[in-house]
Amino acid sequence: MEFTEKSRSTKILALPQEWTKIVSTECNKYHQANLGNKWEDPEALTKLFEPIMAWYLEKHETYVDELKLEGNFNKVVGKVQQEYMHLAKTAFKYDGVHCFSFIVNLKPNHTGRTGRAMWGTTPAFKQMKIDEKGVIS
């Protein structure tokens, strides 16, 4: 994606909402330049972004593999856990749904350790941890 001179000079000084508008405008120009009158067609957009997504996924996979090898993957596990816990709290608060889960990295790091986490955010989960102390920690 190429940016105009205006966007290049503005991006340093732009507020987040201004920067979002600049990026959105440039993305629309990119879509129109590459897709013509199909620039708003979801299938055409998906096809246009396939190589970009493939590149991103490859780079992200390499990054995650490096984190695992260096023994720093637990940070990722913690981040994922926090995101799911937030969703679980919301589901319980608004829908009365109890969510318990495990997050497990099955690929060990250089020391043989794997990243894992178990969580639950409702009173039922807390009680289950008390009742099953020898099994759940």
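The values are calculated or read from the model by the stated rules, or taken from the named source; none is laboratory data. Since we're looking at a predicted model, the values are computed, not measured. Ideal geometry is used to build each Cβ from the backbone, glycine not excepted, and the neighbour counts take in all protein chains shown. All accessible areas refer to the heavy atoms of the entire protein, side chains included, with ligands and DNA or RNA removed. Shrake-Rupley method; radii C 1.70, N 1.55, O 1.52, S 1.80 Å.
The residue that is nearest to T90 (Cα to Cα), among those in region 110-130 that are without any contact (Cβ under 8 Å) to a residue 12 or more places away in the chain and assigned to a helix (DSSP H, G or I), is P123.
The rows are residues; the columns are (1) of a type in the set (V, I, T); (2) open to solvent by 60 Å² or more (accessible area, probe 1.4 Å); (3) touching a helix residue (DSSP H, G or I) at 6+ places or on another chain (Cβ under 6 Å).
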| site | (1), (2), (3) |
| --- | --- |
| K29 | no, yes, no |
| L35 | no, no, yes |
| E40 | no, yes, no |
| L45 | no, no, no |
| I52 | yes, yes, no |
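Please verify whether L67 is under 30 Å from F125 (Cβ atoms) and open to solvent by 90 Å² or more (accessible area, probe 1.4 Å), treating the condition exactly as stated. So L67 does not fit the description; no. Residues in region 87-110 that are open to solvent by 100 Å² or more (accessible area, probe 1.4 Å) and over 25 Å from E61 (Cβ atoms): K89, K93, Y94, D95. Would you be able to tell me the number of residues in region 23-82 that are outside any helix (DSSP H, G or I) and in contact with a strand residue (DSSP E or B) (Cβ under 8 Å, 6 or more places away or on another chain)? Counting residues in region 23-82 that are outside any helix (DSSP H, G or I) and in contact with a strand residue (DSSP E or B) (Cβ under 8 Å, 6 or more places away or on another chain) gives 0. Considering the conditions (1) of a type outside the set (V, I, T); (2) out of contact with any Phe, Trp or Tyr (no Cβ under 9 Å at 6 or more places or on another chain); (3) at pLDDT 90 or above, C27 is excluded by exactly one of them, (3).
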